[in-house]
Amino acid sequence: MLTGISVAIMGGDARQLEVIQKFTELDATVTLIGFDNLGRQFSGVSNAKLDPVLFQTVDVLILPAVGTDDSGQVESIFSSEEMRLTDDLMSSLPKHAKVYTGMAKSFLKKLCAAHGIEVVELFERDDIAIYNSIPTAEGALMMAIQNTDITIHGSVSMVLGFGRTGFTMAKTLQGLGATVKVGVRKPEHFARAWEMGFQPFYTKDLYPEVGNIDLLFNTIPTMIVTAQVITNIPHRALIIDLASKPGGTDFRFAEKRGIKAMLAPGLPGIVAPKTAGRIMANTLSQLIVEDFKDRSDVE
């Protein structure tokens, strides 16, 4: 239970609704910031404006999947008002308070560090990334089906990267009957991909490997699908880049070549917000119960 813990949930999207529900069930004191246009009502939950006085009583500040932009702005689909984290607000948080978000950009990290506030990035956790890889793979398949005139079954599909998302993506494509080529960097990943029945290759050999593909799913967050590589990709192929912005694809050159390339970060929150929200809510609640289990340490 989270009885006695003051939680402020600031901004976000439909995933946050599951977080709100979970925390009310656990008896936390929940305050919503940036939810003024939310049609749904939660029993026992209060709404508030950004205010340093409010922050003085907060134990836990929960931010959206991407905590802030590079200027401190916090996005919310449930509000038309601009919200920005500032020095005044962060200095008002008690020193024992913690900030939880999916991923923190440098602005948020520096702001929290300047005031001695710990920031916890959920997307750095293996369990969250593995759970989220499922709706990511399903969303990528949906995009592929909507933007091609072939079936996944029988296609030659390429996955770049064999991490948590790449692994699930490759396995899902294989389950639908695609021939799956997997681009890896590490020998152990090559061996595992071969053992699982994929067609592994090293990413340094990407140029010749793309010559016969129908679909390319990139999970590597650095520029790997370069202009040179794109010159050898068939015009019929579709590129879906699942890496975080700005992705790993030269989108400008792909368009120039007439190859459809789509950047698709954040698919869990788009295609399956309820499932993605439950993943976040369960992990957040477990973390916070552990972090605040000894309230005697709270100043």
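The values are calculated or read from the model by the stated rules, or taken from the named source; none is laboratory data. These numbers come from a predicted model, not from an experiment. Neighbour counts are summed over all protein chains in view; Cβ atoms, including those assigned to glycine, are modelled from backbone coordinates with ideal geometry. In case anyone asks, the SASA skips ligands and DNA or RNA and just uses the protein heavy atoms, side chains included. Shrake-Rupley method; radii C 1.70, N 1.55, O 1.52, S 1.80 Å.
Do we have any residue at all in segment 246-258 that's within 30 Å of Thr151 (Cβ to Cβ) and modelled with pLDDT under 90? Looking through segment 246-258, none of the residues is within 30 Å of Thr151 (Cβ to Cβ) and modelled with pLDDT under 90. Entry remark, segment 77-92: residues being over 20 Å from Phe292 (Cβ atoms) and either in a loop (DSSP other than H, G, I, E, B) or open to solvent by less than 20 Å² (accessible area, probe 1.4 Å) (or both) number 10 in total.
Taking the listed residues Lys109, Lys95, the one that is assigned to a helix (DSSP H, G or I) and either touching a Leu at 6+ places or on another chain (Cβ under 9 Å) or more than 19 Å from Val30 (Cβ to Cβ) (or both) is Lys109, with no other qualifying. Residues that are surrounded by fewer than 17 Cβ atoms within 10 Å (Cβ to Cβ), closer than 26 Å to Gly102 by Cα and not basic (Lys, Arg) within segment 238-255 comprise Ser244, Pro246, listed in sequence order. The helices (runs of 4 or more DSSP H) found entirely in segment 146-235 include none that carry 2 or more residues being on the phi > 0 side of the Ramachandran plot and within 25 Å of the chain's Cα centre (by Cα).
When you look at Tyr202, is it over 24 Å from Lys256 (Cβ atoms), surrounded by fewer than 19 Cβ atoms within 10 Å (Cβ to Cβ) and of a type in the set (Ser, Thr, Tyr), yes or no? Against the criterion (over 24 Å from Lys256 (Cβ atoms), surrounded by fewer than 19 Cβ atoms within 10 Å (Cβ to Cβ) and of a type in the set (Ser, Thr, Tyr)), Tyr202 qualifies.
Of the residues making up segment 116-126, those that are crowded, with 16+ Cβ neighbours inside 10 Å, in contact (Cβ under 8 Å) with a residue 24 or more places away in the chain and not in a helix (DSSP H, G or I) are Ile117, Val119, Val120.
Inside segment 256-291, residues that are in contact with a Pro (Cβ under 7 Å, 6 or more places away or on another chain) and assigned to a helix (DSSP H, G or I) make up a count of 5. Looking only at segment 102-109, decide whether some residue is farther than 25 Å from Pro268 by Cα, of a type in the set (Gly, Ala, Ser) and open to solvent by 60 Å² or more (accessible area, probe 1.4 Å). No, the conditions are met nowhere in segment 102-109.
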